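Since the structure comes first, as C-alpha cells, the remarks are kept for the end.
The values are calculated or read from the model by the stated rules, or taken from the named source; none is laboratory data. These numbers were taken from a predicted model, which means no experiment stands behind them.
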Amino acid sequence: MATVLSVLALCVALIALVLSWLALMHPGSLRRRLRRRGRSPKTPAELESLRDEVEVLRADAAETMRHVAVVRYDAFGDMGGHLSWSMALLDDGGNGVVLTSIHGRSDARTYAKNVADWSCDQQTSPEEDEAVGYARSGNR
C-alpha cells in the first residue's frame, strides 16, 4: 500500500513539474513575471546602450592576441625529440610576435620577432612562417 502511495505521489509531482515548465515556456509568461515583480522588459534605449557596449567589447577582443600557433621541429639533423619550436602570438589584424627557441646539444637560443599585418620585417625561418600561417588560418 505504501508503495502505491509513493508511486502516486511521484506521478503527481512529475505532472506538476511538467506543468510548471510549460507555464514558464509560454511566450508571454516572462513578460507577466517581470510585471508582477515590478520590472518591465528592456526599453529600446537600454537595448541600444547594450549594443554599444557589445561593439566596444568586440573592438577590444580584436586587439587581443588570440591567434596562437606552435610549430615544433628538430633544428639540427643529429638531434631528435622536436625540442625546438616557433610560436606565433597575433591579434585579429596579424600584429604581434613570433617567438622561436632553437635547442642544440649544449645550448638553447631564443629569438623574438615583431609581426605586423601578418608579416615580419626581419627574415623568418620556414618554421616561423608556418607558425604565422597556422595562427592566421586557425589551425594549430
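A few remarks follow.
- Segment 60-82, residues that are in a loop (DSSP other than H, G, I, E, B), modelled with pLDDT under 90 and either among the polar types (S, T, N, Q) or farther than 15 Å from Ala135 by Cα (or both): Thr64, Ala75, Phe76, Gly77, Asp78, Met79, Gly80, Gly81, His82
- Some residue of segment 29-38 being over 19 Å from Glu127 (Cα atoms) and modelled with pLDDT of 85 or more: no
- The listed residues are Leu50, Leu24, Leu89, Leu57, and the only one of them that is modelled with pLDDT under 80 and not in a loop (DSSP other than H, G, I, E, B) turns out to be Leu24.
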